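The values are calculated or read from the model by the stated rules, or taken from the named source; none is laboratory data. From a predicted model like this one, the values you see are computed outputs, not experimental measurements. With ideal geometry, Cβ positions are generated from the backbone for all residues, glycine too; neighbour counts draw on all protein chains shown. For the accessible areas, the whole protein counts, side chains as well, though only heavy atoms, and no ligand, DNA or RNA atoms are used. Shrake-Rupley method; radii C 1.70, N 1.55, O 1.52, S 1.80 Å.
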Amino acid sequence: MADPSSYRPKPGQIPDSPGVYKFRDEHRRVIYVGKAKSLRQRLANYFQDLAGLHPRTRTMVTTAASVEWTVVSTEVEALQLEYSWIKEFDPRFNVKYRDDKSYPYLAVTMNEDFPRVQVMRGHKKKGVRYFGPYAHAWAIRETVDLMLRVFPVRTCSAGVFKNAARTGRPCLLGYIGKCSAPCVGRVTPEEHRELAEDFCDFMTGRTGTYLRRLEKDMMAAAEEMEYERAARLRDDMEALRRAMEKSAVVLADATDADLIAVAEDELEAAVQIFHVRGGRVRGQRGWVTDKVEAVDTAGLVEHALQQLYGEETGDAVPKEVLVPAIPDDADAVTQWLAGRRGSQVSLRIPQRGDKKDLMATVARNAQQALVLHKTKRASDLTTRSRALEEIADALELESAPLRIECFDISHLQGEDVVASMVVFEDGLPRKSEYRRFQIKGFEGQDDVRSMHEVLTRRFRRYLAEKEKTGEWAVPAEGGEEAAEAALSGEVPAEAAEAALSGEVPAEDNGRPKRFAYPPQLVVVDGGQPQVAAAQRALDELGIDDIAVCGLAKRLEEVWLPGNDDPVVLPRSSEGLYLLQRVRDTAHDFAIRYQRTKRHKRLRVSPLDGVPGLGETRKQALIKHFGSVKRLRQATIEQICEVPGMGRKTAEAVAVALAQAAPAAPAVNTATGEIIEDDGGTTA
């Protein structure tokens, strides 16, 4: 625990101007990012008597070892820089909203020649119109299915579209009237784009225009005794009304607004957001967070606004944002929102009427989300805690293994040998920490040797990170001792070289490191041989504070280094369930990587080695002859007939194909079929 007075800046050093500050721990990792109108006044609050600080603030300043700041011109710049640094450094003491799912959006790809309506998740792309988010993907599909009667926009993938264009036959939706079939030329690109724009206009809330137009056309068709057409228009109107009913009218004045509500207690907070467009609720989402910093409701709202609109521009930021509390830097936040939208944005607390009533509904949803989250977390936490305690007892560990790393080896008959590392923290997968390895030290199949290599490489990186942060130093004497340590692998070569030259490693930039954190338990997929190899790797590196075990698939036995008999956990043991889940996750991750490598290797063509033969001419050759097999049978004169192919290049192609020995026929293991040789397989 550090004393804040040991790193407190001297009087007069801190400027009295807007800026952003970072607290770093003793290993130079950024642990907190904040902004201030006056850096001098804000930072002075952190260096008062510890007894007067909030417990969370006290924990942060005693964990920190230094503070630094960056001066900016305005409070808006400070807000933008704070958001960027929180995204970059992921500080442990900053509020970060999290969610266990990626919300789906209804997207219209207006950046394509023939716009497509589809469900999209993840990061937003330029040129795509988004509507939502929705709670469930099926809700989007139901809405789209109703609207395709009136707006028959393309919904098929690029592959289906190209195949239909090639064959001249549209897909099923084209036959039943739910697609205008631009793939076969039933409508022009301009007409199809107009349909897509009408679809977007309807989704943004401009519904009255289309309903009135359809009603007018229906009455005209009835007067002309075109009853079938009138009936179809009537059904179209009914479909649009049903689509509108899925989004209830909540604000009569066709308001575009986002409503944000917060429910909180001493430890956690839940945020709910309702997206209202054209007076209707078009989307809903929610987040939860641990209150790791001393923050009030206004601060939670400000963090929510940063996360909600930090990556948005244009109409994605509404004209009006309704919140339960105004952030302290309200003017700066409002200016920032206006900058993201490109026009004025109103940030306020609803005081009366429909908006206040709707805000109460959003608040109830936030409260229910917090209660549900706590119920789930309590149940999950109890189970995970019991599992970790059972593992600690069975393996005779001093404490529960809060970080578990599991390693697995995968190959196919000794080829494409790879390994995986998965990480579980507090009994939950930490996917951002997963790593993949290629076996480089030798050729062929040897799971034990592969396991030794992977563990050695992983923990050499760990020792290198420790050396950079100063947690673990190279031999102080230098000379032969440092060189000997580098050769033995106990000290990274870069560290030994720095020690010999007297150089100091460059300062850490504070970003999370890939191999900086050690596990309390290493699990390997296998029995005694694999466990012995893992333990030997740690012993050679001088690491003696990490436990090792193996989980054998045959009888689900747990093996420990040096033990002739396995540890048998009860079949109903939560600890065994957790170890099985960790092992299976590592196994699946390794298999996916191995299949990817094998696929890439099989896609290598002998044409890749022909000098001067680029991708365009390579594709032209394959298209002309149909496959590498037929190309190999062609004469040089026939190869020269391909546009762009000169005789010299044709001769090089013929030589390359002649030198490449034909491979054994590839077999589809699922069907038993022999895969024909084409431009992508090895010849």
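Here is how the numbers come out for the structure above:
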item: Answer residue from region 361-406, given it is over 24 Å from Arg571 (Cα atoms) and of a type in the set (Lys, Arg) and is surrounded by the most Cβ atoms within 10 Å (Cβ to Cβ) among those; result: Lys374
item: Residues located in region 276-320, provided they are open to solvent by less than 20 Å² (accessible area, probe 1.4 Å), more than 27 Å from Thr375 (Cα to Cα) and touching a helix residue (DSSP H, G or I) at 6+ places or on another chain (Cβ under 7 Å); result: Gln306, Tyr309, Gly310, Val317
item: Of all residues making up region 106-127, the number that are without any contact (Cβ under 8 Å) to a residue 24 or more places away in the chain and open to solvent by 20 Å² or more (accessible area, probe 1.4 Å); result: 9
item: Counted residues, region 259-282 - those being part of a loop (DSSP other than H, G, I, E, B) and more than 27 Å from the chain's Cα centre (by Cα); result: 4
item: Selected residue (criterion: farthest from the chain's Cα centre (by Cα)) from residues of region 621-641 that are surrounded by fewer than 19 Cβ atoms within 10 Å (Cβ to Cβ) and in a loop (DSSP other than H, G, I, E, B); result: Thr635
item: Pair list, Cβ under 8 Å, 6 or more apart: region 72-98 residue closer than 14 Å to His303 by Cβ, other residue basic (Lys, Arg) and in a helix (DSSP H, G or I); result: Phe93/Arg56
item: Residue that is surrounded by the fewest Cβ atoms within 10 Å (Cβ to Cβ), among those in region 416-458 that are in contact with a Pro (Cβ under 8 Å, 6 or more places away or on another chain) and modelled with pLDDT of 85 or more; result: Val448
item: Yes/no for Arg169 being closer than 24 Å to Asp235 by Cα and charged (D, E, K, R); result: no
item: Among the candidates Ala506, Ala499, Ala516, residue that is modelled with pLDDT under 80, in contact with a Gly (Cβ under 8 Å, 6 or more places away or on another chain) and either more than 30 Å from Arg384 (Cα to Cα) or surrounded by fewer than 20 Cβ atoms within 10 Å (Cβ to Cβ) (or both); result: Ala499
item: Neighbours by Cβ (under 6 Å, 6+ apart or cross-chain): first from region 1-24, open to solvent by 90 Å² or more (accessible area, probe 1.4 Å); second modelled with pLDDT under 85 and of a type in the set (Asp, Glu); result: none
item: Options Ser399, Ser385: the member that is part of a helix (DSSP H, G or I) and over 30 Å from Asp258 (Cβ atoms); result: Ser385
item: Glu390 being more than 15 Å from His275 (Cα to Cα), touching a Ser or Thr at 6+ places or on another chain (Cβ under 7 Å) and charged (D, E, K, R); result: yes
item: Hits in region 142-173 (condition: open to solvent by less than 30 Å² (accessible area, probe 1.4 Å) and touching a Ser or Thr at 6+ places or on another chain (Cβ under 8 Å)); result: Val144, Leu148, Pro152, Val153, Arg154
item: Residue count, region 206-263 (criterion: at pLDDT 80 or above and under 13 Å from Val276 (Cα atoms)); result: 5
item: Residue in region 321-348 that is surrounded by the most Cβ atoms within 10 Å (Cβ to Cβ), counting only those that are outside any helix (DSSP H, G or I) and among the aliphatic types (A, V, I, L, M); result: Val323
item: Flag if His411 is under 26 Å from the mean Cα position of the chain (by Cα), open to solvent by 20 Å² or more (accessible area, probe 1.4 Å) and at pLDDT below 85; result: no
item: Which listed residue, of Gln306, Gln344, is farther than 16 Å from Ala261 by Cα and not aliphatic (A, V, I, L, M); result: Gln344
item: Pair list, Cβ < 6 Å and 6+ apart or interchain, from region 43-55 residues that are among the hydrophobic types (A, V, I, L, M, F, W, C) to residues that are outside any helix (DSSP H, G or I) and surrounded by 15 or more Cβ atoms within 10 Å (Cβ to Cβ); result: Leu43/Ile14; Phe47/Arg8
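The rows are residues; the columns are (1) at pLDDT below 85; (2) among the hydrophobic types (A, V, I, L, M, F, W, C); (3) touching a Lys or Arg at 6+ places or on another chain (Cβ under 8 Å); (4) over 30 Å from Asp145 (Cα atoms).
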residue: Asp25; (1), (2), (3), (4): no, no, no, yes
residue: Ala36; (1), (2), (3), (4): no, yes, yes, yes
residue: Leu39; (1), (2), (3), (4): no, yes, no, yes
residue: Ala51; (1), (2), (3), (4): yes, yes, no, yes
residue: Ser73; (1), (2), (3), (4): yes, no, no, yes
residue: Glu82; (1), (2), (3), (4): no, no, yes, yes
residue: Tyr97; (1), (2), (3), (4): yes, no, no, yes
residue: Val108; (1), (2), (3), (4): no, yes, yes, no
residue: Lys125; (1), (2), (3), (4): yes, no, no, no
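Listed here are the residues, each with its yes/no results for (1) part of a loop (DSSP other than H, G, I, E, B); (2) crowded, with 16+ Cβ neighbours inside 10 Å; (3) modelled with pLDDT of 85 or more.
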| site | (1), (2), (3) |
| --- | --- |
| Ala532 | no, yes, yes |
| Pro570 | yes, no, no |
| Gln580 | no, no, yes |
| Ala586 | no, yes, yes |
| Ala590 | no, yes, yes |
| Arg595 | no, no, no |
| Leu607 | no, yes, no |
